[in-house]
Amino acid sequence: MRLELDRDFIRMTGLVLDAEDLRLGVSLGLISPPTAIRLAADAVSSGSTDPALLVVAQQDPNDVWSLRDALRATDPEEADLFPPQSVRKWTYLQLEAAYAMRDRLRDPLGVVEEIYADFDYPAPVAAFVRYMPAPPGAPVGEEALYDRWSRYLADEAAELTQQKNRP
């Protein structure tokens with residue numbers, strides 16, 4: 001399951017997305033092209049001088065093909081199609097969105113399982129996937145899974161938002 005995220009939700013998380021992140025988010029359908037352009041424009045207006053973000057921020061939100069061309073043009077030829085840091089950010093964002101709407105989802109832990117599979121089974125997420133063994137000594141049951149999910153989100157948010165402040 002892939003949840004399409006909007007600009008306000010992403011901004012609320014405090015994560016800074018670079019052009020590589022936007023490229024992956026658009027290609028996986030996690031954000032719409034207009035959302036990518038707005039996020040790039042936000043970054044530029046907040047002082048980013050990243051040339052790739054400047055190019056994306058100048059695109060017409062109604063012209064999906066020009067955005068895709070702009071994203072491709074900012075992509076080095078040997079770029080990783082799934083940059084590990086971008087994958088980590090999108091995994092976090094997807095799990096954060098699912099957690100925020102867990103009361104409206106028929107099977108929130110099933111959604112976790114889908115996101116876990118979609119992002120190639122990241123080890124940190126295994127701790128709150130129903131069919132995976134609980135970490136040694138950890139409590140079991142649904143409540144424990146939700147607790148570990150919540151802790152993962154808090155830990156990832158702290159680490160990912162702290163990384164934006166590193167030189």
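Normalised per residue, the accessible area of region 1-105 is 52 Å², obtained with a 1.4 Å probe and no contribution from ligands, DNA or RNA. Here the gap between Met101 and Ala134, fully extended at 0.36 nm per residue and compared with their Cα-Cα distance, gives a gain of 9.5 nm. For the chain, the share of accessible area belonging to carbon and sulfur comes to 51 percent (1.4 Å probe, ligands and nucleic acids excluded). Between the residues Leu28, Ala97, Gln58, the greatest Cα displacement towards the positive end of the dipole of region 1-120, with unit charges on the Cβ of Lys, Arg, Asp and Glu, is found for Ala97.
Packing here is the average count of other Cβ atoms within 10 Å per residue, and on that basis the peptides 59-65, 18-24, highest first, run 18-24, 59-65. In units of the rule-of-thumb radius 2.2 N^0.38 Å, the chain shows an alpha carbon radius of gyration of 1.09. Between Ala158 and Ala126, what is the spin-label point distance in nm, taking each point 7 Å from the Cα along the Cα→C-beta axis? The modelled label-to-label distance comes out at 2.3 nm.
The Cα center of region 1-65 and the Cα center of region 118-153 differ in position by 29 Å.
The values are calculated or read from the model by the stated rules, or taken from the named source; none is laboratory data. Because the structure is predicted, anything quoted here is derived from the model rather than measured. Every residue, glycine as well, gets a Cβ built from its backbone with ideal geometry; the counts of neighbours run over all protein chains shown. Surface areas here come from the heavy atoms of the whole protein model, side chains and all, with no ligands, DNA or RNA. Shrake-Rupley method; radii C 1.70, N 1.55, O 1.52, S 1.80 Å.
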